[in-house]
Every structure is written in structure tokens, then in C-alpha cells.
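The values are calculated or read from the model by the stated rules, or taken from the named source; none is laboratory data. Note that the coordinates shown come from a computational prediction; the quantities given were computed from them, not determined experimentally. Positions of Cβ are backbone-derived with ideal geometry, glycine not excepted, and every protein chain shown enters the neighbour counts. These accessible areas exclude ligands, DNA and RNA; they are computed on the full protein's heavy atoms, side chains included. Shrake-Rupley method; radii C 1.70, N 1.55, O 1.52, S 1.80 Å.
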Amino acid sequence: MSNKAKFFIGTAVLAVSTGLTAAGPVIAQDAPIVQPGAPGEAVRQLSAEEAVQIAANRYSDDDVRFMQGMILHHYQAVQMAALVGDRTNTSDLVDIAGRIDASQADEIAFMQGWLRERGEDAPDPAGDPHAMHHGGHQTMSGMATPEQMAELAAARDMAFDALFLELMIAHHEGAVDMVQHLLNQRGSAYDPILFDFVNDVRGEQEAEIRRMNATLSGLSQDPRTGLAGGFRDAEEAISNLALLASLPKPTGFFDVENPAGKPPEIEADESDEDIERRFGDRAPFLSFSNTDIAFAGDLMAVGNYHGFNLYRIDADEPRLVSSVVCPGGQGDVSIVGDLLIMSVQDTRGRVDCGRQGVTEDVSEERFRGIRVFDISDPVAPRQVGQVQTCRGSHTHSVVSSDDELIIVYNSGTSSIRSEDELAGCVAGLPGDEETALFSIDVIEIPVADPSQSRLVDSPQVFADDESGRIAGLWAGGDHGEGTQSTRRTDQCHDITVFPALDLAAGACSGNGIILDISDPRAPRRIDAVVDQGFAYWHSATFNNAGTKVLFTDEWGGGGRPRCRAQDPSDWGANAIYDINDGQLEFAGYFKIPSAQTEEENCVAHNGSVVPVPGRDIFVQSWYQGGVSVIDFTDSANPYEIAFFDRGPIDEDRMISGGYWSSYWYDGRIYASEIARGLDVFALLPSAHLTANEIAAAALADQGEAFNPQQQFPVSWPDHPVVGLAYVDQLERMNAISAEAAEQLSAALDRAVQPVENGARDADLASELSGLADALPSAETGSPLASRTTALRAVIDGVASSLR
């Protein structure tokens, strides 16, 4: 068709639309305009005016519903703002209420005018008190319920301030969600005036959210709130910990031109009146991010997306031994004897550890899976084995090992590679039995020849017990109104094994599960739970007795600010489950109480048990939320006993960073920091933890190695310090008198030196035995009974060594 013909047709259509051509008169058309009906219905002839009305529609039903709903949404904000005047005199809230009252009222008037100009119904909630209760508007995103509005109206002073901000932040976030929902609808916001309006609404609401979040955070008395930012000079807050060492990343493991991993900053033009810092939309790859940690003897391996670093930890400050460059992403590590196992998931990973990556869709040079290194000479580790997998390796778990064979569970969470690259890698759907989804991998590594390492099975541990359908657990989605949207269960992020009880706990995207691993090659699911507050089941840690599991929820994937003042305390948190007869029973939640900023990625992440006898204590990373130590001995009532935190890497833009893993090992806490490096801490005595308890933890026998996702029961020697820790606990419980505690402590103190020197003291042994006999009895199975029983056993052991 010629351009001239195209122009003629376009002009004819315009003439029908407007009744005019460039010359003026209407162009006549003899051919009929028809509209077919549904199958079996007659064809209907349309007039030119009707046809144009349909074709020239400049707004949609979605636009109308949005404007009608947003009027009511805005009006509730005006109602909430009207409560401020006689309930608080906090200047920040008065200012917020004034801005809301002015801006939302103006926008309501605009939306009503827009609707009326188009002949659409325009709600008038100010003139019609029933308008707020029509059409299910109370269920719109972020809207406060009538009960919440009544609670707000009844509140005063600080209680009002906190509730107002919590509800108003949620309200504004709901408005942003409504805008995004509208823009996601095909053909919506075609009207340029409407398009500009909804984007203005989104921008204003997001700006107000930031201001309100800062105000709400300011209500917190937690010293971690409001810390000044900086890469190397951020403000710090610390409680009941000592920072012993802080090491930057080694040379070769950071970009010297951009060590913090910031997106490019846009330089302001001299004539630019906008004085706020501006950044590019994209940040660098996580190419140099520190990840997980493993220990063996005095050797520590710190994983990194770029490879790993080996340190000697024979002093408070770790000493770098070697840096191993082998890019591939994730980089989680485990150590078994002279072998180091590393997870690799990125499509850029190469078989030869090359730094150039892989660009082809299918390539023999690509590596995604489990690497094995010989670290018998830690100065020069050698790659000696590889196992390619369909989804790479995000994490792995050493299930069992002896002199001949290591068995590993592999958790792949990345994209499924092409079958042309690795046979058997089928994407499939939930009903496809051949899919690489809905399974874990079992890998064998021969100790004498790791080059023969192989994948031996991919058990489908999420299958339905009755039907055998492989997608047998959580199908994805929310759990009802006001609940979290939880990922579909088609993978495990972490599987933590507890071989002493033949159990494993899996944090498996949409479910927490318990596995029977009595046959390590054939794990069998024995229980699975869902949690309506969890977005993504991330990691699992048993207590020392293997009677409970602490699961973490990585809401936001680790890259979002999820510890803000307005975020729910049971989302992005720890969930503690007791294990009874192999079944998981929910007990309680814990989330750090500090209010982090919009510029700090924060959510529950990796940690380990701190082996204080008689208690369940856990040290944990929260990304830029810092390091936290909690007591979860009472599963339903966990509480924080120590913490360390820094301000954001950058105060104006969120840069991914913070602590990936924090683990107790040999009397110290080692914490890998994604962007900054490595920190070492010691616990300090406090009202929550005595010097005796800390000293007893340092005496614990953790075994020859510590690997993430592998737990062995810790044991303690029959040493007087361990007895003193139990005495402190009984006294804290008011289970023994101050006089009895003083007698026990004095006798155990006198026993320290002879026990450590191997000396004998029959009189002291008899005194200790008598004190043990005088300990109170308690109900079997109670915390008091377990502690008194343990204390008697320690005293008996000490007395025996003195005789």
C-alpha cells in the first residue's frame, strides 16, 4: 500500500471521528459497518457515530474503578489525619497530617471532576457517610479496618503516634500498589492527564512513606535506629559483644574503583537545581560478595562469588593464607578433611575457573554445580573434582563422610540449564515427572579420587504421600486476607542435617520440612509445615538436643529493606518449631526489634547455635540489620541478649551488603560481611549471660570441623566452669537460695585449679558430692529438672577426678 493510500484511509477515519476533513465536509460511506454477535446471534449494523464511539474510547473500566476507589482510599487518609490535632502534639505528625489533608483533599476533588466530566459516578464520601461502606472498599490495599480506625481514635500520645504512622504507612503503600495494579492492566491510563496523575500519586506517596518511616523509626529507643551510614566509616551500635577484629576483603576480591559495589552516581549539571544525589538504576553484579563460612581446626574458609579465601584463626585477628579466584556465584563452602566443597550456580561459571565467563547459551565450558578442591596445601588449593547439576548449586549439605566416601545433598535454586548442555535437564511443569524441579540432588564424592564424584539420585522429597504427585506441597500464593504470599515449594534453599538423630530440616521455599536420613542416599519426608507469615523458607538450625528447629524467612530475597519500623514483626523473621514424635509444632517468632532504614537490605539470615550448656542460644546475621544473639530456650518467648550493627553503606541509596553468615566457633563469633569484609566478636558478660556461661561455651567440643547446614551435638567436659554455668542458671531461675548458690560456686571455684592440674582433693570431692545431693528435685522434663540433673552429673564428674 502506498503512503498516499495510507494517508487517505487515515483521513477517512478521522473524518468519521470528527465529522470534518481538512476541507470540511463529511465523507460519505456506502459500505455498511457491522458488529457480529455471539455465536448464533444476528449481526448488528452500526452507525458511524456508534462505531467511532467504540474505537475512540480514551479511558477504560479499570481507569474508572481506580479513580472511584482511590477517592475512598484518599478520604480515609483524610479521616485519619483529622484525628491528629487533639491526640498528639508531636510536630512531625502534625506536619504529616497537614500535608495529607491538603494534598489528598485536592486530589479527591481532581478525581471527582475527572469522573464527572466523563459521565461516570463520582463518590462523595464527605457528603455521603455511607459511601465508605459500599462496594467492598474496606478490602482495598492498605485500607485500615473499622476496628483499626476505632483503635486509632481511642489512642493518645506516643501510642497514637506509633499506631498512626504504622497505619498511614500501610495506607500509602496500598495506594502505590493500586497505582501499579492499574498500570499493569492493558490499555489503562491511556489518557495522558490520568497517566501523569497516577504517577504523581505514586511519587508523592513514596516520598511521604520515607518521611513517615523516618519519623516512626525515631520513636524507637533502640541504639541501632538511625545510625549514620558509610562504607568504612559507618556509625556503630554494640551491646554485650566486643568487636575483636574487622578485616577488609583481600586484594583481588573487590573492585578497586568501586569497592562498595555502588551503582554509578549521576553527576549533577551545573544548572541542575536538584541537589539530591542521583544514581543509575543498575548496580554491579554481586561479583565480589562474601558468602558462607566453614572451619576445620584453625583453618577458616570464607566463600565469595569470586572464589574463596583461607585464613588461620590462631589469634583474635584471622591471618590470610591464600585467596583462590574461581568465579561462579554463591560460593558456599564446606570442609571435609583435606577437601573443600563449593557451591556454584551462576551461568558465567567456567569449568576452568576462568574469569572471562561464558556467553554462549550452550557451552561445554560452563560449570554449574559442586566443585571439589584439595586444600592439603592451603597456600595452593587445587580443583580436583566437579559435579554438574541442572540448576547449579545454591547451597549444599555434607550428610555423611568417612575415609572413603562423602555424601552431599545439593540444593539448586537457579534456572534449569538446557538439555543440550546437560542431559536430563528438563524444565517441565509440576505434573511433569521428568522435570528438574521438585527434587534435591544426592552426590557422592570418593575421598581417594574426587574426580569420580557423581550425582547418584534426585529424590522428589515434596511428593504427595497418597497420590505420588511430585508437586505435593505448597502450590504458591497467599494464605488468606492479610497473610504473606509464599513461594511455591519446588526446591530447598537449605537442608541442615543432624546425623546423630538421622534427621534433616529443610527450608524449602514454601514449606519447612523434616526428613528421615537414616539412609543418606534416600531421604524420606516425615513432616511438612506452612507458615502464613513466611515468604520464602530460607534456612534451618536445630538446637543442640535436636528437639527444635529455628527456621528463617528470607522475605524480599535478601535484597530488600524488610526490617523497617512499619514491617510486620512476624514477616522476614525466625519461626521456632518444637519437634514432637517427628512432627513440627509452631512455638514462636523472633525478629530484631530495631528499626532499619529504607537503604538497608535486612531480613533473617544464617546463624548457628552458641553452645552454652543448659540453654538454646543462637547467633545470626540480618544482612544490614547486623548481628544478633538470641535466647530461644523457651521456644514461645525468644529474646535478644546481644547485638552489633552499622549504619547503611550509603545513606541515599540502598547498596546490597551486611552480614551473610555469623557463626560461633571455638569461643569466637565470625561474621562474613557481603560488602565490607570479615568481623570477629566475643561475647561479654551481661544480665542475660554470665562469665561462667561464656567460659563454658568456650569449653564445648564442636568436633573437628564446623560446616554450614551440618550439625553435631556439642558436648562439654566435666569441668567446674560448666558446673558454675548451671549454678548461675539455677540462681537466675530462683530455683536455689543465694546461700546454696554461694556454697556451690565457692566449692566449684576451688576445684578449677586441681582439676586443670590433675591434682587430687578427697575432702573437696566429698563436699561437692554433698552439695549435689542437696540440689532441689523438680518435675521430670521441666527446664529445672534438666539443669539440676546436668549439674549433678558435672559435679559427680569433677568429684570423681578429684578422688
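Listing for the model above:
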| quantity | calculated |
| --- | --- |
| Efficiency of FRET from Cβ geometry, Ser569 and Ala427, R₀ 41 Å, rounded to 0.05 | 0.60 |
| Charge sum, other residues only, whose C-beta stays under 13 Å from Pro638's C-beta, Lys/Arg counted +1 and Asp/Glu -1 | -3 |
| Correct choice for log10 I(q)/I(0) by the Debye sum over Cα atoms at q = 0.06 Å⁻¹ that was computed from the model, options [x] -0.49; [y] -0.81; [z] -0.55 | [x] |
| Leu689 accessible area, 1.4 Å probe, all protein chains in place, Å² to nearest 10 | 0 |
| Listed residue (Thr225, Ala109, Gly119) projecting farthest to the positive dipole end of the stretch 109-243, Cβ model | Thr225 |
| Rough spin-label spacing in nm, given labels placed 7 Å along Cα→Cβ, for Asp502 and Val325 | 4.9 |
| Alpha-carbon centroid distance for the pair the stretch 97-130 / the stretch 291-362, whole angstrom | 59 |
| Gap separating the Cα centres of the stretch 147-163 and the stretch 486-508, nearest whole Å | 42 |
| Residue-averaged 222 nm ellipticity for the chain, from DSSP H runs of 4+ at -39500 (n - 2.57), nearest 500 | -9000 deg cm²/dmol |
| C-alpha center-to-center spacing [the stretch 432-461, the stretch 688-704] in angstrom | 38 |
| FRET efficiency, 1/(1 + (r/R0)^6) with R0 30 Å, evaluated for Asp478 and Arg99 via beta carbons | 0.40 |
| Residue-span extension gain [Gln148 to Ser518] - 0.36 nm each, minus C-alpha spacing | 128.1 nm |
| Computed lengthening from Thr780 to Met158, 0.36 nm per intervening residue step minus Cα-Cα distance | 219.4 nm |
| Positive dipole terminus of the chain, leading residue within His688, Ser415, Gly472 (C-beta point charges) | Ser415 |
| Between helix 91-117 and the chain: long-axis angle, C-alpha atoms, 0 to 90°, nearest 10 | 30 |
| Modelled FRET efficiency - R0 41 Å, Asn637 with Ser91, Cβ distances, 0.05 increments | 0.65 |
| Cα-projected label distance for Asp581 with Gln180, points at 7 Å along beta-carbon direction, nm | 4.4 |
| Most to least accessible of Tyr639, Tyr659 (protein chains only, probe 1.4 Å) | Tyr639, Tyr659 |
| Positive-pole candidate from Ala565, Gly781, Tyr663, dipole of the chain, charges at beta carbon | Tyr663 |
| For the chain, size of Cβ-based charge dipole, Lys and Arg +1, Asp and Glu -1, in debye | 920 |
| Pairwise label distance in nanometres, Glu206 with Tyr665, each label 7 Å out on the Cα-Cβ vector | 4.1 |
| Length added when fully stretched, Ser400-Thr251, from 0.36 nm per residue minus Cα-Cα | 50.1 nm |
